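Working notes, beginning with the structure itself.
Any read-out appearing in this document is the output of simple, stated calculations on the displayed coordinates, not a laboratory observation. Just so it is clear, the model here is predicted, and its values are computed rather than measured. Note that each Cβ is placed from the backbone with ideal geometry, even for glycine, and that neighbours are counted across all protein chains shown.
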Amino acid sequence: MRSVVASGLLLAGYALALSACDPGGASSGAAEAAADGETTPPPEGAAAGAADLSTGTHVVLLGTGTPNPDPEASGPATAVLVEGRAYIVDAGAGLVRRAAEAAERYGAEGLTAARLDIAFLTHLHSDHTIGLPDLIHTPWVAEREAPLKLFGPGGTSAMAAHLTAAWEADIENRLSGRQPATPDGWRVEAVEIEPGVIYKDDRVRVTAFAVQHTGWPEAYGFRFDGGGRSVVFSGDTAPSEAVVEMCAGCDVLVHEVYSATTFRDRPPEWQSYHAQAHTSTVELARLAVRARPGILVLHHQLGWGATPEGMVAEIRAAGYDGPLAYGRDLDVY
């Protein structure tokens, strides 16, 4: 880890079977994919009836979207709950309100706004960070007491500092006015990371690994180990050997994906970009065969008109027959 910078005001300066997803039997998904590639919606609120998110390790998809403004998919953001505590990966649009919705739906106190105090950024693209002002300021208004601990690539510290500076008037008003406010909940302790173990506490160990996302000198995936489970996030990436190595039979692999079928109809300049920045269904199938996750969860899906069933079928046709889910907002794994 290169540096720790606390930003300031600058005033002066988410199955095939429950056991495949969660050994404790607490799982839900918007699509459970069988080996023939079909998808079947589970009962509404299945996770709420079965899950105790206060124990063990659970993955809650807070947002599965892309830069495209899909009203059904908030911006990319995921919570890993380990023994009840939330660790956030990426800060897409709608993050805090989706977390509040999950907290209410699943009785997950760790996802209430005031408890959101640690986050990890895969890279600094706007769709992965545009919810960062929300994550900084809304939980503070909800009486978060501790500064937000934020881990990300180079540039994270500057981004955090600019975002607190941009709300300088608001912060001053809340600190000096009649509204009760905690003194430090608005602050950000930003840590710029390098590959390796970047965070550890009594619940979890987080390891960062470098991935390729065209145009970014630094982009990361993360592995979480804790609560008896291992969870790997690809981040935005072209097919990466690092994902295979870091998963190596992990319990949950959350991986971005685009449709290899509809990709053929994209303009040449977009084909060139996506081929170097993201992972197709065919490429992901080959990768997952080698990575052997307990369940592969599709995330940040670029379909360009492809249906969830169609994208699952593409992966099956390419040779992956393991547990597979098309992730949707508020799914739990």
Next on the checklist: Tell me which of Ile130, Thr182, Gln271 sits at the most positive position along the dipole axis of the stretch 28-326, charges placed on C-beta atoms (Lys, Arg +1; Asp, Glu -1).
Outcome noted: Thr182
Checklist entry - Taking other Cβ within 10 Å of each residue's Cβ, how do Phe151, Phe263 sort, fewest first? => result Phe263, Phe151
Item to check | Under Karplus coefficients 6.51, -1.76 and 1.60, residue-wise ³J(HN,Hα) of the stretch 57-71 in Hz, glycine/proline x | outcome: 10, 9, 9, 10, 7, 8, x, 10, x, 10, x, 6, x, 7, x
Item to check | Three-way shape label, the stretch 28-326, alpha-carbon gyration tensor, a/c 1.5 | outcome: prolate
Next on the checklist: Given Cβ point charges of +1 (Lys, Arg) and -1 (Asp, Glu) and nothing else, what value in debye, to the nearest 20, does the dipole of the stretch 133-229 about its Cα centre take?
Outcome noted: 300 debye
Checklist entry - Which percent, to the nearest 5, of DSSP beta bridges fully inside the stretch 28-326 are antiparallel? => result 55 percent
Item to check | Shape category assigned to the stretch 57-98 from the gyration tensor of Cα positions, a/c cut at 1.5 | outcome: prolate
Checklist entry - Given Cα pairs under 8 Å that are at least 6 residues apart, what percent is the relative contact order of the stretch 76-228? => result 20 percent
Checklist outcome for this item: Note: Asp265 to Ala248 extended length (0.36 nm per residue) minus current alpha-carbon separation gives 2.7 nm
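If a/c stays under 1.5 just call it rounded; otherwise compare a/b with b/c (prolate if a/b is bigger, oblate if not). Do that for the stretch 117-259, with a ≥ b ≥ c from the square roots of the Cα gyration tensor eigenvalues.
It comes out prolate by the Cα gyration axes.
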Checklist entry - Once label points are set 7 Å from the Cα along Cα→Cβ at both Val197 and Ser176, what is their separation, rounded to one decimal in nm? => result 4.5 nm
Item to check | Dipole in debye (nearest 20) - the stretch 81-170, about Cα centre, beta carbon charges: Lys, Arg +1; Asp, Glu -1 | outcome: 160 debye
Checklist outcome for this item: FRET efficiency for Thr307 and Ala169 from the Cβ-Cβ distance with R0 = 41 Å, rounded to 0.05, comes out at 0.30
Item to check | Pair Glu145, Ser54: separation of 7 Å Cα→Cβ label points (nm) | outcome: 1.9 nm
Checklist entry - Each label point is 7 Å from the Cα along the Cα-to-Cβ direction; what then is the distance between the points at Tyr273 and Arg205, in nm? => result 3.9 nm
